[in-house]
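Asker: The following block contains the structure, expressed as structure tokens.
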């Protein structure tokens, strides 16, 4: 019995690829939409704006999750980034996770590890 992929293939470390910049941009865009939604929701008299940004956040959040899921399958981001995005903070969790990944990669390049 032979398998087409080895365990090391599935467990290899994720490295940023072609989707990574799109994940970063989508995370920041969705965080901005989410922030606008919270502002309009807290302020009185912005019912239609709350509805528009609520729909935009809902659709954008699902698109962000889909994009991160595809990036996880392509080993371009670690699985925990998808988990961080599923937290109650949503897009804020993905932005924080991406910032941590970027800082780690810069630190490794500076030390000559990557």
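Taken together, the values in this text are just the output of simple stated rules run on the coordinates, not laboratory data. Bear in mind that the values here come from a model prediction, so they are computed numbers and not experimental data.
Asker: Counting only Cα atoms, I'd like the Rg/Rh figure for the chain, Kirkwood definition for Rh. Walk me through the intermediate numbers first.
Answerer: On the way: Rg = 17.3 Å, Rh = 15.6 Å.
When Rh is taken as the Kirkwood radius, the ratio is 1.11.
Asker: Using only Cα atoms and rounding to the nearest 10 degrees, what angle (0 to 90) does helix 20-42 make with the longest principal axis of the chain?
Answerer: That helix lies at roughly 20 degrees to the long axis.
Asker: Which of these, 48, 27, 94, has the largest mean-square fluctuation under a Gaussian network model of the chain (Cα springs below 10 Å)?
Answerer: 48
Asker: Divide by every residue of the chain the summed helix terms, -39500 (n - 2.57) for each DSSP H run of at least 4, and state the resulting mean residue ellipticity at 222 nm, rounded to the nearest 500 deg cm²/dmol.
Answerer: Numbers: 5 runs with 83 residues, N = 114.
My calculation for the chain gives -24500 deg cm²/dmol from helical runs alone.
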